[in-house]
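Following: one structure in structure tokens, then a few remarks.
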Amino acid sequence: MLSKKAQILNASARLFRQKGYAATSMQDIAEKMDMKAASLYNHIESKQELLRNILMEVANDFVAGMDAIKSSSLSSSEQLKELISLHVRLTTTNPDNMALLIGDWTHLENKDRKKYLKLRDSYENDFRKILKQCMNEGYLKSVDLEIALFSILSTLRWTYSWYTKQKNISKLDLEADLYKCLIEGLKT
């Protein structure tokens, strides 16, 4: 069973996704939790804390996944496949949290925003290196690296929106089909 704080985080992520961070009030979150707004403060300090906790958890999950992939003995092409699996796994596990990566990170306050952007940039740089290695090895066509990275990450980041409307696709099928659509066209 989830702790009360975890329940509040989940409810907040869902509301932030539905209404947007700015439009969601503490009263909205309290109502979703079936509690008084003042009672929320027994578990959290602020709405900003909720956003920070949600986004940093997702960012840390991506960085940890990337670190595991990079430190593995997998080839660069296998690492690329694992990165797509990582995105699918995190997206299908909690699409509400993933939805906040698209734009709500901009509501993070200065220190938290810098920390989040550092994690995001680190992840993207590692993804870029794996793509480049795949191109250098001849596994992928030599195309503009930034366009390839942008295309792949944009699709993966928006998967949460599409996936929640699908009822008949398994996570494994989604991983395989995304790999075919995103990577097969780049193969040599």
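The values are calculated or read from the model by the stated rules, or taken from the named source; none is laboratory data. Note that this is a predicted model, so its numbers are computed, not measured. Here Cβ is always computed from backbone atoms with ideal geometry, including for glycine, and neighbour counts include all displayed protein chains. For accessibility, only protein heavy atoms count, side chains too; no ligands or nucleic acids. Shrake-Rupley method; radii C 1.70, N 1.55, O 1.52, S 1.80 Å.
Some observations on this one:
- Size of electric dipole in the chain: Cβ of Lys, Arg +1 and of Asp, Glu -1, about Cα centre, debye, nearest 20: 240
- For region 1-108, the alpha-carbon radius of gyration amounts to 1.24 times the rule-of-thumb value 2.2 N^0.38 Å expected for a compact globular protein.
- Each listed q (0.22 Å⁻¹) maps to a log10 I(q)/I(0) for region 18-68 from the Debye sum over equal C-alpha point scatterers, namely -0.82.
- FRET efficiency for residue 18 and residue 68, using Cβ-Cβ distance with R0 set to 41 Å, rounded to 0.05: 0.80
- Loop trypsin sites (Lys or Arg not before Pro), region 20-52 (other Cβ atoms within 10 Å of the site Cβ: 16 or fewer; DSSP): 36
- Taking the C-alpha atoms of region 1-40, convex hull volume expressed per residue in Å³: 59
- Solvent-accessible heavy-atom area per residue, rounded to whole Å², over region 94-188 at 1.4 Å: 58
- Sorted into 10 angstrom bins from 0, the C-alpha pair distances of the chain split as 9, 33, 32, 18, 7, 1 percent.
- Fraction of accessible area attributable to carbon and sulfur, region 1-155 (%, probe 1.4 Å): 49
- Ratio Rg/Rh [Cα only; Rh per Kirkwood] for region 97-188: 1.03
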